[in-house]
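A.B. asks: My questions will all concern the structure given below.
No value in this document is a laboratory result; all are computed from the given coordinates. Note that the coordinates shown come from a computational prediction; the quantities given were computed from them, not determined experimentally. Here Cβ is always computed from backbone atoms with ideal geometry, including for glycine, and neighbour counts include all displayed protein chains.
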Amino acid sequence: MSAQHIFRLRNPALLLALAAAFPAVSSADGTANVDFSIGSVMAVNAAGIARPLSKGGGIGNGDTVRTGEGGRAQIRFTDGALVSLQPQTEFRIDDYQYSGNPDGQEKGFFSLLKGGLRTVTGWIGRSKRENYKVTTSVATIGIRGTEYTAGLSPSGDSLAVATGEGLVEVCNGAGCILLASGESGVAQKDSPPRRDNSRPQLPPNDTLTTTTGDQTVFIGGDQVNSAGLPAAGQAFTVGHVVNSGGVFHDNSTISFDSAGNLTGYTSGTFTSSIGTASVADSGTSDSIIKWGRWASGTAVVDNLSVTLGASQGVHLLWGVPTAVMPTSGTVAYSLLGGTSPTEAGGLLTPGTLSSASMSVNFGALTFSLSLSGSVGGPTAFSASGSGSLTGNKLSSSSLTGLIGACSATGSVSGMFFGASAERSGLTYKMSDGTYTIVGAAALKQ
């Protein structure tokens, strides 16, 4: 059997959203551009001539991208594929062809010569499996519409692979193994691949890393303030945005004000902007997750103009999504913070989210949660529910509870953030037929 890894996607919708978030742009030969680079990042062409790479730089066939110690880069290919390179990595573009319209000639052949990467495949990986591969010293990785993290050992004789989304088949001449979402494995020369907890070793506090996330990866910028957030007026790529409608926007390009508050984001054909509204409340615990609410003005949400009163709001969460999920154990999460709950029609004044807790069984891929708070002063609400995990997301699940003394139903959506799923963010909605309460909450282990 040939040495190869074949990645099969279970949930193509996620990857379609990821690819759509990065439309094709021009590069030196129509291959790829640098979304951003941090530290020492160089490109070496086939003739051995090196040049520094910075944001917007083009990369072409035959180029090898090299990141130094502390260097990181995110590359966007014209078919929508994304590659995040870790420090001390060498990644070569062997043969890439994509005209922008499927014509049967498209291909993407690459080599991981050293270090580690996280990638989300684009059109070629989803539709032309036989024309997409990444060659390493241990095995060949074939991808079909999925997301994964891979890392070579310093000696180059061991390859660790972790599946963030989809189903991965790891093969070499000695055998094959299937890795489901959240699982990891190791391939070594002359030995059958096996499941293993030895996930790709990524640098600590690596804000680029994923995977998705929503999985690590893809948060960073060329100009940041002391908090690690983009400087005023700058846009950068983040792992995830979720609004109070329960809508996920993976790897959106987002903008901040000088205080680090989210003022807009773009995902594929969808654009949202704070407009004449203002940031009514916001908060963060660290660089992993942040939350905020737009109110008091006219904003644009997913291309639609929305006029908001002071007692209303667009509730938002964003941050660094978990790339490699835990695969066992039950973990308890408690309230870290969140936006002030609001009544959708502005009938009640904004209130307080007083508690939120969640229990997650990573082995069984299930969760249960409860939350409570108040709006309009004495009007209390409470809700509880349970559901399943899909990758690093909480599958949209129903809630039941009370608003005041009236029975209410609703829904919750969310995902995990941080390298070890140490944070979870969710948006919720509850209605009793008269009032509809919405909000966003961040939880911690």
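A.B. asks: Between segment 360-426 and segment 80-113, what is the separation of their alpha carbon centroids in Å?
C.D. replies: Using only Cα atoms to place each centre, the spacing works out to 39 Å.
A.B. asks: Give the lysines reachable from residue 189 as a straight Cα distance under 28 Å; neighbours fewer than 8 places away on the same chain don't count.
C.D. replies: Hits, sequence-local ones excluded: 107, 114, 128, 133.
A.B. asks: To continue, here is another question. Tally Lys and Arg at +1 and Asp and Glu at -1 over the other residues with C-beta under 13 Å from the C-beta of residue 314: what net charge comes out? Please list the in-between numbers first.
C.D. replies: On the way: positive: 293, 429; negative: 281, 302.
My count for the surroundings of residue 314 gives 0.
A.B. asks: Which of the lysines could a cross-linker span from residue 290 if the Cα-Cα distance has to be under 28 Å and same-chain partners fewer than 8 positions apart are dropped?
C.D. replies: Correct list for residue 290: 55, 393, 429, 444.
A.B. asks: Calculate the FRET efficiency for residue 113 and residue 364 from the Cβ-Cβ distance with a Förster distance of 45 Å, rounded to the nearest 0.05.
C.D. replies: Working: r = 39 Å, r/R0 = 0.87.
Given R0 = 45 Å and the Cβ-Cβ separation, E is 0.70.
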